[in-house]
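Worksheet: one structure, shown below.
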Amino acid sequence: MDQNGILAGKVALVTGAGGGIGREIAIAMAAAGAKVMINDVGASLSGDGQSNTPAQETRSLIEQRGGAAAIDTNSVAEPDAAQQMVKNTVDTFGRIDIVVNNAGILRDTIFHKMSPKDWVDVINVHLNGSFFVSRAAAEYFRAQESGAYIHMTSTSGLIGNFGQANYSAAKLGIVALSKSIALDMKRYNVRSNCVAPFAWSRMTNAVPNETPDQQARVAVLKQMTPEKNAPLVAYLGSDQAKDITGQVFATRNNEIFLMSGVRPVRSVHRENWTPESIAEHGIKALMGSAVPLDRSSDVFTWDPI
């Protein structure tokens, strides 16, 4: 742990920090001087089962390097549990400065076969969980007039992907949540940003790996190890990022991207539109700038740098 690091004196709560990207974020923040509350329920990727072991492993890795960490096993998907999670952080370390909303599950299914439970469970952990934890921390951030939120989004939501209607909707919802937090809490010097991480982890190792093309894609994905995403998240939690809020970044191996927001790209106007005049004129004028039906892989067409 660096006593003079970029996060010295800060306390960070990282959800889903028992493995993968969350673990690497927790380790990086501790290495930068922060005290870290490791939140993890120890569930499987689908959200089943619970174990303290993943969180204990993360804490051991931090403590072996001289850092300070504690464990919380509350679920982000329950508002009372989220309140307790934040309270535990403050009771343990005396304050809270950074919230990293990273916890997540997957229930990938093609849309027309997706069950209501698959939808609700994913929305509850990703989107509702991000709100519950952020809202619980907001009272502390407002009182101390400082704080940083970093929310994990995904290009599955920003751009699109097959078989992930629940995950994509939740992840794009998180972007809107983050922007709203940034707007509402700017007066209290609280900032909120999103990161869309690329990494080979539990959340991606279900990618098909059968055909030669699929195997080639997986080989590329495996180059993008989880720790590549941690430096940007640690930076966004620091005072060095005090003027950065309401933004969406993406990290891919050694690349960092600033992502654009949704903005008007073309307009038409006419008095007294009718369905017929829209068909004959309006749509023809607009669709030259229509957004293609892309997936993430269609936009990021080059190998990671």
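Per-residue ellipticity at 222 nm computed for the chain from its helices equals -11000 deg cm²/dmol, with DSSP H segments shorter than 4 residues left out and the rest contributing -39,500 (n - 2.57). Counting every alpha-carbon pair across segment 93-197, the share separated by more than 19 Å comes to 43%. In the chain, the DSSP beta bridges split such that about 15 percent are antiparallel, to the nearest 5.
Once both labels are positioned 7 Å from their Cα atoms along Cα-to-Cβ, the gap between residue 4 and residue 95 label points is 2.1 nm.
Taking 14, 86, 220 as the candidate residues, the one with maximal mean-square fluctuation in a Gaussian network model of the chain, Cα springs under 10 Å, is 220.
Remark: spin-label model distance residue 305-residue 184 equals 3.8 nm, labels positioned 7 Å along the Cα→Cβ axis. Alpha-carbon geometry of the chain: the Rg and the Dmax are 20.4, 70 Å, given in that order. Across segment 79-130, Cα-Cα pairs more than 16 Å apart make up 54 percent of the total. With the biggest extent put first, the Cα atoms of segment 147-280 measure 55, 50, 24 Å across the principal axes. Summarising the strand pairing of segment 170-305, around 50 percent of its internal DSSP beta bridges are antiparallel.
Grab the other residues whose beta carbon is less than 14 angstrom from that of residue 69, score K and R as +1, D and E as -1, and report the net. With Lys, Arg at +1 and Asp, Glu at -1, the net is 0.
With a 1.4 Å probe and every protein chain kept in, tell me what percent of the accessible surface of segment 222-266 is carbon plus sulfur. In segment 222-266, the share of accessible area belonging to carbon and sulfur is 52 percent.
The values are calculated or read from the model by the stated rules, or taken from the named source; none is laboratory data. Values in this document were obtained by computation on a predicted structure and should not be read as measured data. Here the Cβ is made from the backbone with ideal geometry for all residues, glycine too, and neighbour counts use every protein chain on show. The protein model used for the area step is the full one, side chains on, heavy atoms only, and it has no ligands, DNA or RNA in it. Shrake-Rupley method; radii C 1.70, N 1.55, O 1.52, S 1.80 Å.
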